[in-house]
Structures are given as structure tokens and as C-alpha cells.
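Enquirer: Have a look at this one before I ask anything.
The values are calculated or read from the model by the stated rules, or taken from the named source; none is laboratory data. None of these values were measured; they are calculated from a predicted model. Don't worry about glycine lacking a Cβ; one is built from the backbone with ideal geometry, like all the others, and counts go over all protein chains shown. The area values use the complete protein model at the heavy-atom level, side chains included, leaving out ligands, DNA and RNA. Shrake-Rupley method; radii C 1.70, N 1.55, O 1.52, S 1.80 Å.
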Amino acid sequence: MEQAALLQLFDEHHKPLFRFAYRLTGSASDAEDVVQECFLELLRPGCSYDPKRTPPRTYLFGVVRNQSLKRMSRNPVGAKAEAEAFHFPSPENEFLKAELGDAVARAVMRLPETQREVLVLAHYEQMALAEIAGIVGIEVTAAKSRL
Amino acid sequence: MTDTELDEILDKWAAPAAPSSLRATVRAEAGSCTRRRVRPGVWALASVAAVLLVGVQAPPQKVTLLSPAARIPFTVDSEFFYSPEDGSTAVTMYSSSYSRDAREIFLYKSMPGDPWATAMLRVLDFGAALLRPIQEYSLALTVPPQEIQRARELVRVADCVGANCKPLSYWTIGSRSELLRSGCELGAVSGHETILGYPTAAIRRSIAPKRRITVWMAPALGCFPLKSLVEEQQADGTFRAIRGRRALKIAATRNRLFVKVCDYAARRVTNAARGSFSWNMGQRAADESKTRQPYP
């Protein structure tokens, strides 16, 4: 893949990918690394991506999912993630909102990975069940049951 | 709790925006990845080119080391020349070659004033030197031994036909075994000459109507042709040299980096031997002092 095409793909998809990675790993720096690795994966000589078979969005989300899971298996979400991800320095008038956000984040992060990834894709990225099933690699019915 | 209420609660968790530096990082990394990615074919070509580049610069000894089957006892640097009718002489090719069983093998050739042709010839000659053992092995598998023997029995002398000397022509002058047995004096000998310190015998053959070749071969060098002359008969019956070759330098080559002493294992130095050695040296010094005469 040429560099110009890669940057075009990046511009189109990097924001939802970053959000997805962030919500899976619980860390902004990890999410940044994951998204970067995801796009560089397309330049790898042995890259198996075939645009005719898989839409780029589905492929990229799949790569981000795999990279995030790999990273999480190496560094399980713990004190670092909680300190980094769920602390929102906010003005006083937004204190309550931020506190609620932290609580939701903690709750979502406590979900099993299989459920969390489906929830994040369905709710936060507004994806259809078929697309979620394609990214996660499960049947549509299985994706629905995890919601 | 309704779905709407649940959605509202979930929406409280906002993800931070992707850092603006991410695009620049991906762009930089993509650039270096693209630069780093070199196809395997390019690597293979580069490797072959590197080997050939080293090979064409390598002296004959190195070729010997790379290809042990091609033992090179000596090398002869020669020049091939061309004599037009105006009487001038122009060198058409320089070469370095050696002889094995009265068969001349070229290590490299160079064309004066034609660096491109020289480079190509050197690459081809180097490749041929490396592949010679394989070539001989495959020949033995595909051609009947009698045919190979018959072909090897013929002694052929290289001749540089034409001004550009491409390709080399060869003239058959006789049987190899008979030539070596006769001390290079096969048939009528037209003369003897010492060339670069090596005695040679000159034999003459007709190669075409009104054309003949005379070859001076050195018995000490396995009947290597140190000199040859192709002459053309003129209208008055005399012969005029039209082209030929002459040796410029003869060099012996070392085929081994290390020479093993045959009885190395038996030469263990014991204390007794050391004592004997010391005694011998002392005795020799004493003897020399007795016999040595003072300098005048």
C-alpha cells in the first residue's frame, strides 16, 4: 500500500479506532500505540489485507481489537490504567459529571473482554451486529447474546 | 432501568480525542517502512552483483581458492595484437591465462579502450572459473566418456580474429598426449626460441588457404603457447604477419594458503631432543668459529 493511500485511510478511520482502542485498553498511550501499529500493519510485506474481501473499516477494527487484546494480556488493566484512564481533571462544575464518567468507565472495564468489546462497538461506535460479528469473529447471534 | 437510561449513563464515559501527533508519527513510520521494504529479488540481485564485483577484481589465486578444482600452477599475461597492411601494430586484447594438460584456460581478459567490454568479459570469465568444476561434472553425466576424451585430446590455440577480438577463435594443432610426449615438438619444428626465460619449440600449421599459424610452446609450462603468429601469403610468395600474441609476464601462483609439514605429528620436541638440539647448535657454533676466517 502506498503512503498516500495509507494516510487517506488514517484520516477516515483513526478517530473511532482510537476511541475503540482506548475503551479496550483503558489507556490513551496504549491506544495511540495500537492505532499506530494497526496502520503500519498494512505496510508489512506479508500483510494479508484484501480490500475485495473485507471492508477497510472492519479490517482495521479487527486489527485494533487483536492488538489491544495482545497488549492487555501482557499488561492487565490495573492501577496504571485506572490512574491514567479514568481520572478526568475537570473544572469544579463538571466534577459530578466526571465522577459519573469514571464510575461508568470502571464498570465497563470490569466487564469480561468478550462482552466489553461488543458493548463498545455497539454502543459507542454505533455498529450493526453483523459488522461487530465480522470484527470479533463470531456469529451474529453470539454477538447479540453478548449485549 | 430502561435502555434509554442505560444509554445515557454509558454516554457519560467520554473517550479523549486522538492526539494530533499521531498522524505525523504514522506518516514518519510509514515513510521509513516503505524505504526499508526491499523485495527479496532485489537482495538476490544485489548479492550476485556484489559477488561478481569482488570476483572480477580478484587475482587468480583467489579464484583458485574459491574453486579448488581449478588448480592454477602459473599464470601468463599475454597481449594479442593485430597488424594492418600499413605495418602498424595495435593491441586488441590483454589476457591472463594458464594451462592444464596443454589446455589453455583464460582467467580474465581486458580490451584496451573498451572498459564496458572488459567488465563484461571479466564477469563472464569469473563466472566460468567458478562454474568450471560443475560444468565438467555435468559434462561427465551427459556426454559419453569416449567423446569427452576425444575432445580433450585436441590441443587448441586461441586466436584473436578481427579488430575487436570477440569472440576468440581456436585452431586445433594436434593431439594433446602426443604433444606432451614429444616435448611440444609435434610434427615439423620450425625453430626454437627462449621467451621470458623459457625455451620454446615453434610448430607451424596451415589454417586456411594462404594462411598459416606458428605457435611457440614451452615444454616447462605444459606446452603453453607463449607466442603465436598468424601470417598471410602475399602475391610475391612471402608471408606477412597479420595478427598474433606474445607473453608479457609469467608468474607462479601459490595454490595453498598453508603447507602442512608431512611428518609434523612425528616432530614432537622432547626434553632429550631439546638437549640434543642445543648441543647440536652449540657444536655447530663451535665448528663455525674454528673454520670461520677473519674478514679481510
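Enquirer: For B:Val161, enumerate residues with amide H under 5 Å from its amide H, sequence gap 5+ or separate chain, H modeled in the peptide plane.
Expert: Counting only residues 5 or more places away or on other chains, the set is B:Ser169.
Enquirer: Which whole-Hz couplings ³J(HN,Hα) result when phi for each residue of segment B:13-19 is put into the Karplus expression 6.51 cos²θ - 1.76 cosθ + 1.60, θ = phi - 60°, listed in order with x for Gly and Pro?
Expert: Those phi angles translate into 8, 9, 8, x, 6, 5, x Hz.
Enquirer: Can you list residues whose amide H is under 5 Å from B:Arg243's amide H, if they're 5+ apart or on another chain and H is modeled 1.01 Å from N?
Expert: So B:Arg243 has HN proximity to B:Ser83, B:Val230.
Enquirer: Provide the FRET efficiency to the nearest 0.05 for the A:Gln3-B:Arg152 pair, computing r from the beta carbons and using R0 = 56 Å. List each step's numbers first, then the result.
Expert: On the way: r = 60 Å, r/R0 = 1.08.
Here the calculated transfer efficiency is 0.40.
Enquirer: Related question: What are the ³J(HN,Hα) couplings of segment B:187-197, residue after residue, when phi is run through the Karplus curve with 6.51, -1.76, 1.60 and θ = phi - 60°? Round to Hz, x for glycine and proline.
Expert: x, 6, 8, 8, x, 10, 7, 9, 10, 6, x
Enquirer: Right, next: Report the FRET efficiency, 1/(1 + (r/R0)^6), for A:Ala130 and B:Ile134, where r is their Cβ-Cβ distance and R0 is 60 Å, rounded to 0.05. Walk me through the numbers on the way to the answer.
Expert: Numbers: r = 61 Å, r/R0 = 1.01.
About 0.50, to the nearest 0.05.
Enquirer: Let me ask another. What's the buried accessible area, both sides, between A and B using a 1.4 Å probe, rounded to 100 Å²? Walk me through the numbers before you get to the answer.
Expert: Details: alone 8870 and 20060 Å², together 26350 Å².
Summing both chains' loss of accessible area gives about 2600 Å².
Enquirer: At 7 Å along Cα-to-Cβ for each site, give me the label-to-label distance between B:Asp7 and B:Thr25 in nm.
Expert: Spacing of the two 7 Å Cα→Cβ label points: 3.4 nm.
Enquirer: Given H placed 1.01 Å from N in the peptide plane, which residues other than close sequence neighbours of B:Ile195 have an amide H under 5 Å from its amide H?
Expert: Residues meeting the criterion, in which the H sits 1.01 Å from N, are B:Thr200.
Enquirer: OK, next. Cα convex hull of segment B:180-257: mean projected area in nm², to one decimal?
Expert: One quarter of the hull surface, i.e. the mean projection, equals 6.6 nm².
Enquirer: Moving on. What spacing in nm lies between the two simple spin-label points modelled at B:Leu124 and B:Lys249, each 7 Å away from Cα in the Cβ direction?
Expert: For the pair B:Leu124/B:Lys249, the computed spacing is 2.5 nm.
Enquirer: I've got another one for you. Once phi is turned into θ = phi - 60°, what whole-Hz ³J(HN,Hα) does the Karplus curve with 6.51, -1.76 and 1.60 give for every residue of segment A:50-67, x standing for Gly and Pro?
Expert: Residue by residue, segment A:50-67 yields 10, x, 6, 8, 10, x, x, 4, 5, 4, 5, 5, x, 5, 4, 4, 4, 5 Hz.
Enquirer: Loop only per DSSP, at most 10 neighbouring Cβ atoms within 10 Å: give me the trypsin sites (Lys or Arg not before Pro) in segment A:26-77, ordered by residue number. Let's see the in-between values first.
Expert: Values: sites: A:Lys52, A:Arg53, A:Arg57, A:Arg65, A:Lys70, A:Arg71, A:Arg74; in loops: A:Lys52, A:Arg53.
When the trypsin sites (Lys or Arg not before Pro) of segment A:26-77 are filtered for loop state and at most 10 Cβ neighbours within 10 Å, A:Lys52, A:Arg53 remain.
Enquirer: Distance from a point 7 Å along Cα→Cβ of A:Asn75 to each backbone N in segment A:8-50: keep the residues under 11 Å and list them by number.
Expert: Zone members listed by number: A:26-34.
Enquirer: Let me ask another. In this model, which of B:Lys109/B:Lys249; B:Lys109/B:Lys210; B:Lys210/B:Lys249; A:Lys15/A:Lys70 are farther than 23 Å apart at the alpha-carbon? Please report the intermediate quantities before stating the final value.
Expert: On the way: B:Lys109/B:Lys249 14 Å; B:Lys109/B:Lys210 29 Å; B:Lys210/B:Lys249 32 Å; A:Lys15/A:Lys70 21 Å.
Over 23 Å apart, Cα to Cα: B:Lys109/B:Lys210; B:Lys210/B:Lys249.
Enquirer: Do any residues of segment B:15-30 show a loss of at least 20 square angstrom of accessible area between the isolated chain and the full protein assembly, using a 1.4 Å probe, and if so which?
Expert: So the qualifying set is B:Ala15, B:Pro16, B:Ala18, B:Pro19, B:Leu22, B:Arg23, B:Thr25, B:Val26, B:Arg27, B:Glu29, B:Ala30.
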